[in-house]
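The values are calculated or read from the model by the stated rules, or taken from the named source; none is laboratory data. Because the structure is a prediction, the values reported are computed rather than measured. Every residue, glycine as well, gets a Cβ built from its backbone with ideal geometry; the counts of neighbours run over all protein chains shown. Surface areas here come from the heavy atoms of the whole protein model, side chains and all, with no ligands, DNA or RNA. Shrake-Rupley method; radii C 1.70, N 1.55, O 1.52, S 1.80 Å.
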Amino acid sequence: MAFAAACGDEVRVLESAPPRPDADPEPFDIRVYALSAGSRAFLREIDAWHRMPAERISAVTRMEIFGDDGRSRLEFSPPGGKALAWIAESNRLSRAIEDAARERGVVISNACRPGSIAVRPGGTEVVLEGGEAAVGDVLVGADGVDSWVRRELGLASEEKRYAETAVVAHFRCERPAAGVARQWFRADGILAWLPLPGDRMSIVWSARDALAEELAALEPEALARRVRDAGGAALGDLALDSAVARFALRLVRVPRIAVQGAVLVGDAAHGVHPLAGQGVNLGFQDARNLARELGARSPLERPGDFGLLRRHERARRADVDAMQFVTDRLEWLFGLDASLAVAVRNAGLRAMDSTAWAKRLLANRAMR
Ligand SMILES: Cc1cc2nc3c(=O)[nH]c(=O)nc-3n(C[C@H](O)[C@H](O)[C@H](O)COP(=O)(O)OP(=O)(O)OC[C@H]3O[C@@H](n4cnc5c(N)ncnc54)[C@H](O)[C@@H]3O)c2cc1C
């Protein structure tokens, strides 16, 4: 949808979900994203950012990361009180982008059931169940990590299922998080606390499957105590303020994302572990880059030309590979039980914490 908004009235969106309800529910959406400065810039370019209610967005001004030996930590914050990221709700973000897309002339067809794809020299055709055919110069598959478009185009993917489930919930806190995001690399998983406005915060606990099941089955008070203790009571007592959701975690590598007449963006092109909270940011940068490549094409090129789509593929490769490599290796390193691994990873955190340039590098990377 963000790609469509970036291109405007030349795009038709075929969305399988039904139309969005008129209003979003008042409680905070269980899904929240940490949006990078790069994503915010793109959302501003496509007139979506200002459509989100500012009072429901929380700026992250400091990051604290803890090891699992009780003393190793790494803290960083950008200079000049700038934000590292902004936490926004998934439903309000989607609505803002969709409204921007409509206003820019994008045609959105909901409740579509695509049945087949045919790539022809004159364009790419999607035939919907029911018989209607949609033809365009290029088909952009943005249909998530289990992408139907990817399968239908015969693009290979390599998948690794982590033996972990993300447990997601919101809490009210005795003391407000005040813009500080915290992450604990624990022996039993990776726990992130993300600041929400006021006295709220959201957690993502990427826990081994058995622990995730145990956490999700706890009574609200018991879960709140467990989360409080896992985070060293950094925000005092907690009270559960939402349902508890669970998401299976996967790494999905897609070596080739482009063919003549079609290309993949977002999770369809790459699944990453959420420990760095970067999935949605990678997807926005895909959308931004593809829209730019299409906008800057030579008069001799057509939007579906393989050469043009390959340029996009190459431009995005380094960013996606780096994020998949780092999150996968961190997940592996902090999943090891061997005492040498425990010592190495905690020493690594302490070394980073005492190296100013490394912290600057981290802050800059997080803000991209
Ligand atoms: C627990 C957890 C926490 C996360 N936290 C973060 C975070 O903090 N920050 C972050 O950046 N990322 C995070 N992510 C990752 C993030 O959720 C994804 O990267 C992001 O949602 C991908 O967006 P997408 O548009 O590519 O795919 P999706 O959000 O999956 O959207 C796909 C769209 O395609 C539609 N669709 C599907 N199939 C079809 C079809 N056949 N035809 C037509 N339409 C179809 C769907 O209805 C949907 O609208 C997290 C993920 C998990 C699991």
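Counting only heavy atoms of the protein chains, get the accessible area per residue of the stretch 1-128 (1.4 Å probe) and round it to a whole Å² value.
47
Per residue, the stretch 242-333 exposes 41 Å² of solvent-accessible protein surface, assessed with a 1.4 angstrom probe and all protein chains in place. In the context of the full protein assembly, SER77 retains an accessible surface of approximately 50 Å², using a probe radius of 1.4 Å and ignoring ligands and nucleic acids. Mean sequence separation of contacting Cα pairs (under 8 Å, at least six apart), scaled by the length of the stretch 56-142, corresponds to a relative contact order of 17 percent.
Surface listing: ASP237, ASP22, ASP286 arranged by accessible area from highest to lowest gives ASP22, ASP237, ASP286, probe 1.4 Å. Computed over the chain, the quotient of the alpha carbon radius of gyration and 2.2 N^0.38 Å is 1.03. Accessible area per residue (1.4 Å probe, heavy atoms of protein chains only) ranks LEU84, LEU153 as LEU153, LEU84, with the largest value leading.
Would you mind counting up the charge near PHE28? Only other residues with Cβ under 14 Å from its Cβ, with Lys and Arg at +1 and Asp and Glu at -1.
Overall, the nearby charge balance is -2.
Computed 3J(HN,Hα) for the stretch 310-321, one whole-Hz value per residue from the Karplus formula 6.51 cos²θ - 1.76 cosθ + 1.60 where θ = phi - 60°, is 5, 4, 5, 4, 5, 5, 8, 4, 4, 4, 5, 4, glycine and proline marked x. Taking the protein heavy atoms of the chain in the context of the full set of protein chains, the accessible area attributed to carbon and sulfur is 54 percent at 1.4 Å.
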